[in-house]
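The values are calculated or read from the model by the stated rules, or taken from the named source; none is laboratory data. The structure presented is a predicted model; accordingly, all values stated were derived computationally and were not measured. Here the Cβ positions follow ideal geometry from the backbone for every residue, glycine too, while neighbour counts run over all protein chains shown.
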Amino acid sequence: MATGKVHRLPFRGRRMPERQGGFTLIELAFVLVILGILMSMGAGLVPLLINQNKLNESRAIVREAKTAVMGYALATGRLPWAAAGTDGAETVSRQRGYLPHETLGIPGTDSYTSPLFYSVDPYLATSSSTQELKGRLAELITGSHAPGLFCDGTNIRVAFVVISPGKNLETDAPNDDNHNGIVSQSGDDNRFAKPGEPQTSDYDDILDAVTLTYLHGRLE
């Protein structure tokens, strides 16, 4: 017998279609474009980063060589002469040439595998004690003995200089006066660039030096 009751079926709302996992073609294309841009930017930065790293490494090598020369002076009472060849053996009476790295017991090349160069005031390479070396420095500082080595024209009187030829593998003017790419005993003079001189398209040497007054102070 009918009771008059209406039976309602449970309401089932329409389910929204679920999104399948993954990216659409448009999204993939967009991601690939972005990756391509980033990769091209990275490829352009790599050489710059390599060059900067080599520059920083060569600067550190030059600083270490400068420290080694000062240590030699404190231990022996004189500065070493320059080396005539890349073997780094000190050559007596040679004011300009290669760094005497064999005498100092340190590496003789920069991060570009180029030899380091060196020049010394000859008056400071013939003393026989730290006291005598200090006295000679005082003479150079006061002018009672003519200084024999300069940076920045004749504005900075220095005891010695250490030079890396830099990326172009050749020393540049004013460190190289006869344009043969090295610092030589003949053909080059006793005037060098200012320490920390900015690098340009015409000059990329890395030069460090110790002034007369600084070395004199270290001998106190």
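Descriptive notes on the structure:
- Subset of segment 171-185 (residues that are in contact (Cβ under 8 Å) with a residue 40 or more places away in the chain, surrounded by 16 or more Cβ atoms within 10 Å (Cβ to Cβ) and not hydrophobic (A, V, I, L, M, F, W, C)): Thr171, Asn175, Ser184
- Segment 135-155: number of residues that are crowded, with 18+ Cβ neighbours inside 10 Å and over 19 Å from Ser93 (Cβ atoms): 3
- Any hit, segment 120-131, residues being closer than 28 Å to Asp202 by Cα and out of contact with any Ser or Thr (no Cβ under 6 Å at 6 or more places or on another chain): yes
- Checked against (1) within 13 Å of the chain's Cα centre (by Cα); (2) surrounded by 18 or more Cβ atoms within 10 Å (Cβ to Cβ), Val161 passes all but condition (1).
- For Asp152: the one exception among (1) within 21 Å of Glu170 (Cα to Cα); (2) of a type in the set (Asp, Glu); (3) in contact with a strand residue (DSSP E or B) (Cβ under 6 Å, 6 or more places away or on another chain): (3)
- Within segment 110-122, the set of residues being in contact (Cβ under 8 Å) with a residue 12 or more places away in the chain and surrounded by fewer than 21 Cβ atoms within 10 Å (Cβ to Cβ) comprises Ser111, Tyr112, Pro122.
- Residue pairs meeting the criteria (Cβ under 6 Å; at least 6 apart or on separate chains; first closer than 17 Å to Glu197 by Cβ and outside any strand (DSSP E or B), in segment 143-164; second modelled with pLDDT under 95 and charged (D, E, K, R)): none
Here's the yes/no breakdown for (1) under 22 Å from the mean Cα position of the chain (by Cα); (2) surrounded by 21 or more Cβ atoms within 10 Å (Cβ to Cβ):
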site: Asp188; (1), (2): no, yes
site: Phe192; (1), (2): yes, yes
site: Pro198; (1), (2): yes, no
site: Asp202; (1), (2): yes, no
site: His216; (1), (2): no, no
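- Scan of segment 110-141 for residues that are assigned to a helix (DSSP H, G or I) and not hydrophobic (A, V, I, L, M, F, W, C), ordered by number: Pro122, Tyr123, Thr130, Gln131, Glu132, Lys134, Gly135, Arg136, Glu139
- Taking residues in segment 71-85 that are in contact (Cβ under 8 Å) with a residue 12 or more places away in the chain and assigned to a loop (DSSP other than H, G, I, E, B), and partners anywhere that are small (Gly, Ala, Ser) and surrounded by fewer than 19 Cβ atoms within 10 Å (Cβ to Cβ), the pairs with Cβ atoms closer than 6 Å and at least 6 places apart or on different chains are Gly77/Ser128; Gly77/Ser129.
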